[in-house]
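Notes follow the structure.
What follows is calculated from the coordinates using simple rules that are stated; it is not laboratory data. Treat the numbers as computed from the prediction; the structure is a model and nothing was measured. Using ideal geometry, Cβ is built from the backbone for each residue, glycine included, and neighbour counts are taken over all protein chains shown.
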Amino acid sequence: MPRRARAFLLLSLVAALAASAAAAPPASPMPPRLPPLREQDRIRQEWLKARLERVLPALMRRHGVAMWIVACREYNEDPAFFSLVSPSVLAARRRTILVFHDRGLEEGVERLTLGGGSSGGLYKVYRDPDAQGRELMGAAQWGLLRRLVDERKPATIAIDVSHTHAFSDGLSAGEREQLESALGPWTSRLVRAEGLPLDYIATRVPEMLPVYRQLMATSHALIARAFSSEVITPGRTTTEDVVWWLRQQVNDLGLGEWFAPSVTVQRRGQGGPDNPVPVLAEGGATVIERGDHLHTDFGIYAMGLATDTQHVGYVLRSGETEAPAGLRAALLNSNRLQDLLRARLRPGRSGNEIFADTVGAMKAAGIDGTIYTHPIGDHGHGAGPIIGLWDRQEAIAGRGDVLVLPSTWFSIELQATTPVPEWGGQPVRSAQEEDVSVGADGNASWVLARQEEYHLVR
């Protein structure tokens, strides 16, 4: 090839690359990384101190509990255990028995531990002076608990036993048998205060929210990158490729997952009488094509907190600069349904009451949708009232009867199904999930700005 021709070809290639770079949207900025592990531990320890000092005493009095006993063994911990001990405590120590005793408004709630350490000075280690420094085990440890109860003579003793709430059912059968044997006549004062562990785990302190907002921002930024040309090449990239890109990013950032993400596709012309809203890739990998409607369900876990997000994306066809109007209307409908639910999410209302009220408003607005919202916080599917289930659009006995508390977080999870004219009237399911904070004032506000426009793959 002549030198002039080679130079022209090189200049053309450079110009094409420059034009391509100019046309591509800038990568979504990532929030700052979390602080070093030691600083994370310090922050979480401050949260724990605030919860034990400001949240727990009020809850014990609200539920009429004079003493609360949380007993569990290594690797068979009570669900409440990790919300009660320091972040560096990764398991119960042989057997750990946490005892909370309300000494009244002036002296406050006494925090004692039999087995294990003091969680950074937040608990007093209750010891047997005759044990000569050895850790008590078996009958000796239960005997020490009996001595403690004999000394304090509580009017009620709460234990974590429940037929309804997993968060309130952490006392194993073996531990309960030994506990009752040790307590003897005090067993007549045992109560199942199901609401105490449930409400304690559910309640947030304000100091948690800035960190949680940062985690949400990280989640949103990763989804924006996943649903972009950075990750997806139409006709080649599969839904599983995007799933594993998300998982690798979470790992590389030093974060954790509370569930494996999913990526699915809805595509024009795929519907039929037996399955009017088909979702591709639910059973395996699907190659992503131009014109596809994308959806992801993505949750990360870090600093003892879980996020849960569902966003939608669209793969532009040649000549398109935005999603078709019918798809944008579908997203708007799911936004409207979010608004209807958020307006009804108030302290003092049960999950079932909120569900029924929102469904009525949804039908009045002409929206075809379903609601399956849940609390979030220490756990992804957190402690507190559930508001519908995806496969049961009805009142949920027990778990749906719980009342919303102030200072709690929820994942508003739902979907609206809308016919799309550009797809020949084929219905599209716009499923979204965004986290809200119910403040101490009772108002529910988005933790981070929700999705109101499609992520676009160019």
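Below is a table of values for the structure above.
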item: Exposure proxy ranking, count of Cβ atoms within 10 Å, fewest first, for 390, 47; result: 390, 47
item: Charge context of residue 289, other residues only, Cβ under 13 angstrom, K/R +1, D/E -1; result: +4
item: FRET efficiency, residue 118 to residue 445 (Cβ-Cβ, R0 25 Å, nearest 0.05); result: 0.10
item: Point-to-point label distance, residue 147-residue 230, nm (Cα→Cβ direction, 7 Å offset); result: 6.0 nm
item: Amide proton proximity set for residue 420, modelled H, under 5 Å, gap of 5+; result: 425, 426, 428
item: Surrounding net charge for residue 406, when Lys and Arg each add one and Asp and Glu each subtract one, Cβ distance under 14 Å; result: +3
item: Extension gain (nm, one decimal) between residue 188 and residue 106, 0.36 nm per residue minus Cα-Cα; result: 26.8 nm
item: Virtual spin-label span in nm between residue 173 and residue 62, 7 Å along Cα→Cβ; result: 3.3 nm
item: Spin-label model distance (nm) - residue 75 vs residue 166, 7 Å beyond Cα toward Cβ; result: 2.0 nm
item: 222 nm mean residue ellipticity, helices alone, for the chain (DSSP H n ≥ 4; -39,500 (n - 2.57); rounded to 500); result: -10000 deg cm²/dmol
item: ³J(HN,Hα) computed for each position of region 210-226 - Karplus, 6.51 cos²θ - 1.76 cosθ + 1.60, integer Hz, glycine/proline x; result: x, 5, 5, 4, 5, 5, 4, 4, 5, 4, 4, 5, 5, 5, 4, 6, 4
item: FRET E, pair residue 453, residue 37, Förster distance 25 Å, beta-carbon r, rounded to 0.05; result: 0.10
item: Alpha carbon convex hull of region 153-281, volume per residue in cubic angstrom; result: 220 Å³
item: Restricting region 195-284 to GluC sites (Glu not before Pro) in coil, as DSSP defines it, with at most 11 other Cβ within 10 Å; result: 282
item: For region 204-457, alpha-carbon Rg relative to the globular expectation (2.2 N^0.38 Å, N residues); result: 0.99
item: The chain: relative contact order in percent, alpha carbon pairs under 8 Å with at least 6 residues between; result: 13 percent
item: Under 5 Å, built H, 5+ apart or other chain: amide partners of residue 292; result: 315
item: Pairwise FRET efficiency - residue 285 versus residue 94, Cβ, R0 = 60 Å, nearest 0.05; result: 0.85
item: Quotient of Cα Rg and 2.2 N^0.38 Å for region 56-99, N being how many residues it contains; result: 1.24
item: Neighbour net charge for residue 222 - beta-carbon separation under 14 angstrom, K R +1, D E -1; result: -2
item: Qualifying chymotrypsin sites (Phe, Trp or Tyr not before Pro) in region 174-283, DSSP loop, other Cβ atoms within 10 Å at most 15; result: 259
